[in-house]
1. Would you please state which residues of segment 59-74 a label at Asp641 would reach in this model, taking the label point 7 Å out along Cα→Cβ and a backbone N cut-off of under 12 Å?
2. Please list, in order along segment 600-610, the HN-Hα scalar couplings obtained from phi with the Karplus expression 6.51 cos²θ - 1.76 cosθ + 1.60 (θ = phi - 60°), rounded to whole Hz, x for Gly and Pro.
3. Of all the C-alpha pairs in segment 213-301, what % are more than 23 Å from each other?
4. When the Cα atoms of segment 59-121 are enclosed in a convex hull and the volume is divided per residue, what value in Å³ results?
5. Relative to 2.2 N^0.38 Å, what does the C-alpha radius of gyration of segment 669-724 come to as a ratio? Two decimals please.
6. Run through all the Cα pairs of segment 589-649 and give the fraction in each 5 Å bin from 0, expressed as whole percent.
7. Can you give the Kirkwood hydrodynamic radius for segment 516-641, in Å, rounded to one decimal and based on Cα pairs?
8. What accessible area per residue comes out for segment 320-381, rounded to a whole number of Å², with a 1.4 Å probe?
Amino acid sequence: MAETTTDRQWLNRWFGLVQRYSLQTIILLACLGIASATLFAFKGKINSDLADLVKPEENLIWYQDNEYFKAAFPDLQQTAIVVISGQDGNAVKQTTRDLADAFTASNHYESVFAPTVHDFLEQRLLYFLPLDKLEQWLKGAEFNYGPLLRIADEADLSNVIFSLADFIQANPGLQLPVTLDSLVNSLPSGELQLQGYYPLVDQNARQHIHLILIKGRQDFNQQLPNSEIIANIRQTIEAEAVAEGIEVHLTGEVALADEELRAGLQGIGIAASISAVLLAIIMVIGIRSTSIITAIFAMLIIGISLTLGFATLTIGSFNTLSMIFVVMFFGLGVDFAVHFSLRFQVGLRDESVSSALLSTSKDLLPALLLCTATSMLAFLSFAPTAYLGLAELGIISAGGMAIALFLTMTLLPAWFTRWSPASIDTRVTANPLPQLKISWLGYCVIPLGLVAAFIAKDITFDYNVLAMRDENSEATQTLLTLQEAQLATDYSISVLADSATSAAHLKQHLTSLPLVGDVTTPLDFLPSEQSTKQLMLQETAALYANIEEVLPGEANQQLEPALDYFKASLQTVDDESRAHYQPLLHTLNAIVKNPERQAQINQNIHRQVQVALNHLNKLLTARPFSIEDIPAAFKSRLITDKNQYLVSVQPKYKLNSRIETDRFIKQVMQEAPNTAGRTIVEWGVGDVVVKAFQQAASLTFLGVSILLMAYFRNFILAVLVLIPIGLSVLLTLAICQLSGLTLNMANILVIPLIIGLGVDAGIHVVHRYQQTGASDMLLSFSTSKAVLISALTTIGTFFSLSFSLHKGAASVGLLLTIAISLMLLVTFLILPTLLHRVGVVSKSGHKSKRPLIR
């Protein structure tokens, strides 16, 4: 691009002003940075609503169906799930009750739903048992009838001991009835609770899991709205005395989103720290100038602050993806500063500070403007797409690139005016790369590109959101546990049927499809054979009706005789059984000597036997129920206000690929009037993201090509700059395919960035070639050193991002590390060779004579 007199005059005036007021310029820029950081601190927000990351077009059928589904079932949206588990089923249930009561008593939540301990289900649990299990349960209840009848006549400790001794003598070796077993096991602690009526099954044989669904009061105007909900839930859990052996964990949409946001924020802190250290190491080794290094770090601090302010004014908030710009600025902001500083150092050898600054600006400003334009174009390529998460990242980062260029042309000249670095002598700079005979490299471009393209053609896109989350986090681990227990799934499709009849017909059609597994409707909530089960319950209920009242025991005058009788009964059993009851005998001997404890235990026995009998009578006298009898808390999660029935469709096989998911969804859509749920959303959003990527990559490639041709005014030079970029893209995708890396919702932005950012190195190399006309002189100038250092700082920055706790951000860092490394290698090895082979005439009228490296 030809330099005009107007350009020269403008630069002279600009640098004259900056140099004349150098200290004031530095102070002003520092104040602007502080003001911007303050603006962000008070007005900036973090948008934790993951639904805002992608905004599909409203005319998409799947999007309309899912929005209708969300409006129809608001209680299923934005929920946290408290998972209570343990081997003691009764302790798990009691903990669930206590926590549900505590959550309900709080005013922090819109709704609290604990289905497993809801009174409606508690009273009708027996109807949900299969007939054979119900029969077995009723036998257990009859087995407990005798001890309960005897204890109810006189509910005190002495009667319990008499009943226990009688049973041991009459049934040596037989398992105790639950009534006696529970009371006996509770005696050492003095906390008595009857554990149920099912003596023939070991309740400790399996893990019991109960769920509490909580819908918090979200305020997205707050900095971290989900964090407040999670903090309130954890505070309530900590306030409750959770029994030993009971585990309480959190998962659900709110918990997962909160973890993802926290991982993103923590990851930014970790990556920024690592990036700062790597930048310092690279610049100390590569630049070795305190003035330049200090200036660059000052520029980074001010630049990040200004960009935060810019983002607050333009976007207003950061999402989980746009936050990574902070780390990106470390690498990309350094790029311009390194080129400017090293070129300025070279100029100091023969020029004054003022002249060196002016000549550096005249030399580099066109290339820096082009690099800024291509980088901004790459970032802004997602702006017109539906992928708002990356669109916001692009706008913020594009603003950051413009700010970096502005600071390069203001802060650095002012800084170097005050604190000028030492000059360097480029005439003695040796070629830093080994003298290898690689003139044949130009011939490798096409075959290497074809091989890489062949490998990369099978690259896959993983649109599963869980793939971007830390699988070791509590919420994700708990979700996986629920999936293994078949209490939650990633793959179901929700369908709304217009009536109960339509739901039944739809279920019949869907279950006939080859790829469909289980299909459930609200009608499946109703137990089968309720009339038969009621008759079975009525027989046992008539038996327990004989226990009319639970009477308290007299004073413990019979306790010592009961204890003597118990000791005598132990003489009739084998040594193993006798040893089993020795701890109990020791406890009873202590109780006999403690009247206060005796009174407490008698009160507990009387109260607990009353509670147990009342609960048992409710179970035995419960009546059959229909869908109309279901309480609103259940019905609102199964049937809409318009009487539409929720039909849940599961795949027959695990969906391990996009092709299998497509086939499953298309089969369901052929029969279902509408579809919604996570499977549909991820499938639809994945398609939106892929289209956004294709649109962004096309815009970037087209825009960069136009800018290159406009800048170089030479079609061949523009193509030569793009060849290493294209080869780097193919090699990056090939490495991903070979190593098992997949493109996901976050790292898909890498391809446009490779084009927009990777082109910078080629621009500087060709820019220097145009000035010298000799490809073998490229590495003898500051350009090669600047390209190398800026590329290394960019690689170091993105490498540090790969340590982020947010897997999406980490995948962006890893993929960009691979891509920029390949770009650096390909640009240095192939571009000079191509320049020589093509033999393009430089601006100075020279023609390249030999390749860069022999």
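The values are calculated or read from the model by the stated rules, or taken from the named source; none is laboratory data. Keep in mind it's a predicted model, so treat the numbers as computed, not measured. FYI the Cβ positions are ideal-geometry reconstructions off the backbone, even for glycines, and counts take in every protein chain you see. What goes into the accessible areas is simple: the full protein's heavy atoms, side chains included, and nothing from ligands, DNA or RNA. Shrake-Rupley method; radii C 1.70, N 1.55, O 1.52, S 1.80 Å.
1. Correct set: 71-74.
2. 5, 5, 4, 4, 5, 5, 4, 5, 6, 5, 4
3. For segment 213-301, the fraction of Cα-Cα distances above 23 Å is 52 percent.
4. 124
5. Details: Rg = 19.8 Å, N = 56, 2.2 N^0.38 = 10.2 Å.
Relative to the rule-of-thumb radius for its length, segment 669-724 sits at 1.95.
6. Answer for segment 589-649: a P(r) of 4, 13, 12, 10, 10, 9, 9, 8, 6, 7, 6, 4, 3, 0 percent.
7. Details: mean 1/r = 0.0505 Å⁻¹.
Hydrodynamic radius (Kirkwood, Cα only) of segment 516-641 equals 19.8 Å.
8. Values: 1280 Å² over 62 residues.
Normalised by residue count, the accessible surface of segment 320-381 is 21 Å².
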